[in-house]
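Written out below as structure tokens is the structure these notes cover.
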Amino acid sequence: MEESVNLNSTLDPKDWSSMRSMGHEMIDDIMDYLEGIRTKPVWQEIPAAVKDSFQSPVPQKPSTIEEVYHEFKTNIFPYTKGNIHPRFFAWVQGTGTPFGVLAEMLSAAMNPNVTIGEHAPMYVDQQVVNWCKQIMNYPESATGILLSGASMANITALNVARNSQLKLNIRKTGVKAVPGQLVLYCSAETHSCIQKAAEVLGLGTDAVRKIKTNSDYQININELVKAIEADLAEGFYPFCVVGNAGTVNTGAIDPLDELAAVCLKYNLWFHIDGAFGALAKLVPAYSARLKAIEKADSVAFDLHKWMYMPYEIACVLIKDNHAHRSSFAVTPEYLLQQERGLAGGPDPVNNYGMELSRSFKALKVWMSLKEHGLEKYAEVINKNILQAFYLEKLVQQADNLELLCPVNLNIVCFRYVHQGLSVNDLEELNKEIIIQLQEQGIASPSSTILNGIYAIRVCIVNQRTLQADLDLLIEEIIRIGDQLIVSLNFAL
Ligand SMILES: *Cc1c(COP(=O)(O)O)cnc(C)c1O
């Protein structure tokens, strides 16, 4: 048995030259693909045979890299989600950039584990966090960490809020030490990751007070204050308010200054979920409204959405560096830092979050910001906002389209309407319009429900979208809607 084990076996190629030429071929294919993305369908159905191919068992024997790449090109590459396409408008999904792709490749080549140690990636990671502070105008003394997404960034901040806000050692005792149940407040329009965070942090769903919004989908401050007062009177333990800088449904920005004042009055941690909307701070027309992000104790935002970085990357910033570090720092024997050598270097990143092993996700941000400069990002973000207002105008000008919420950032919610159709009929009709837009590969909006009304939802965090893409979207929605009206199902 032992004789058969080769002590010199590795996973590196025997033939570096064929690996090299495969790499060149891939780069050519990638650049062709990205350059020509506009000519491709936004989305296409996955054939059954292709789906079946993903049922094959774990490979025991080798294939050639040519075979593997061929399978990728046949079964995976064409059937992508489409979020890099200029007419992808669903959910809140970023596009990435070509240079970002190359940065990811370099990061994978170096493959450092960016947690601890004296190596350049640690300093790049630190610099990107510092740039994030500058983008949000947070003080240099604030701390932050790059994470996989805003869900992780939000829970990281809420853990610090929970641990630091009380004069109790929650890290040691858990939440059972709290006299009365911990509660946090946010608007009913808040992203579901806040509720999940509360569940994971041991607070439970009941601890999330989802405060009613006004007709503009912003949190109602009077309702918030009433809820806090009622909870205090009943012996609950309020500790945090989560404000929205851009909700998923409509892009609503809560009145952040007023929230800051409420937090100050009741001594609550003020956290902001700015997953995409916080980046609008870079746009002059929004910088005043979003200035109160600077008053918050913490802010979470994605860089893979409205900074167009390849997935995954987000950032959380925390003003009180001591609160942040003392919420996460643990130093086991196997992670001791040294004065010199590889185990020197900056404060280990795992003192600021849950993850130990971390990719070099900072590199794509570092390279992309140098490539374009922050001003260019501000310009493209502003373009997306102005595109949303342009789309709003197109909707208002069309006889059979109805705007369902005034645009205030980068999201447009509307529906196709036709006289005499019930709310349910219109829902079916608009669902069908969205599906046909996707199946015909034209565009990918998503949907939502606003005040019980089914809406086509167009969210623009797309650096590739051009004005003509919005004209086409509207033309095609009207074409499909009109066709459906004359077809049997929707005949009156
Ligand atoms: C997308 C989003 C999140 C979650 O972010 P992920 O990066 O998907 O984890 C949270 N809040 C808002 C407002 C979002 O748009």
Can you tell me how much longer the chain between Val50 and Trp91 gets when fully stretched, taken as 0.36 nm per residue apart minus their C-alpha distance, in nm with one decimal?
-> 12.2 nm
The relative contact order of the chain, taking Cα pairs under 8 Å that sit 6 or more residues apart, comes to a percentage of 22
Entries in Lys226/Lys305; Lys226/Lys319; Lys210/Lys265; Lys133/Lys291 that, when Cα-Cα distance is taken, lie over 24 Å = Lys226/Lys305; Lys226/Lys319
With label points built 7 Å along Cα→Cβ from the Cα atoms of Ser326 and Lys226, find their separation and express it in nm.
-> 3.8
Residues of region 101-130 with amide N under 15 Å of a point placed 7 Å along Cα→Cβ from His24 | none
At Asp12 and Val68, where each label point lies 7 Å from the Cα along Cα→Cβ, what is the point-to-point distance in nanometres?
-> 1.7
Rg(Cα) / (2.2 N^0.38 Å) computed for region 103-182, rounded to two decimals | 1.45
Region 168-299 - share of DSSP beta bridges that are antiparallel (%, nearest 5) = 10
Amide N of region 424-452 lying under 16 Å from the label point, which is placed 7 angstrom from the Cα of Asn400 along Cα→Cβ | 425-437
Given R₀ = 35 Å, FRET efficiency for Ala285-Glu475 by Cβ-Cβ distance, to 0.05?
-> 0.75
Assigned charges on the beta-carbon of Lys, Arg, Asp, Glu; the chain dipole about Cα centre (debye) = 1280
Assign unit charges at the C-beta atoms only (+1 for Lys and Arg, -1 for Asp and Glu), then state the dipole size of region 245-381 relative to its Cα centre in Debye, rounded to the nearest 20.
-> 200
What translational D, rounded to a whole number of µm²/s, comes out for the chain from Stokes-Einstein when the hydrodynamic radius is the Kirkwood one over Cα pairs, at 25 °C and 0.890 mPa s?
-> 98
Take the Cβ-Cβ distance between Gln134 and Asn451 as r, set R0 to 60 Å, and report the resulting FRET efficiency rounded to the nearest 0.05.
-> 0.95
Mind checking which of Gly94, Ile145, Tyr69 is farthest towards the positive end of region 43-151's charge dipole, using Cβ charges of +1 (Lys, Arg) and -1 (Asp, Glu) about the Cα centre?
-> Gly94
At a Förster radius of 41 Å, what calculated FRET efficiency corresponds to the Cβ-Cβ distance of Thr80 and Asn113, to the nearest 0.05?
-> 0.90
Quick one: compute the contact order of region 277-354, relative version, from alpha carbon pairs under 8 angstrom and 6+ residues apart, as a percent.
-> 20
Length-normalised contact order of region 61-183, Cα under 8 Å, at least 6 apart, in percent, tallies to 8
Simple spin-label model, 7 Å along Cα-to-Cβ: Glu234 to Asp257 in nm?
-> 3.3
Compute the length gained on full extension between Ser215 and Arg340: take 0.36 nm times their separation in residues and subtract their Cα-Cα distance, giving the result in nm to one decimal.
-> 39.1 nm
For the chain, percent of DSSP beta bridges that are antiparallel (nearest 5) comes out at 60
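Every number here is computed from the coordinates shown, using simple stated rules; none is lab data. Quick caveat, the model's predicted, so the values are computed rather than measured. All Cβ positions, glycine included, derive from the backbone under ideal geometry; neighbour counts span all protein chains shown.
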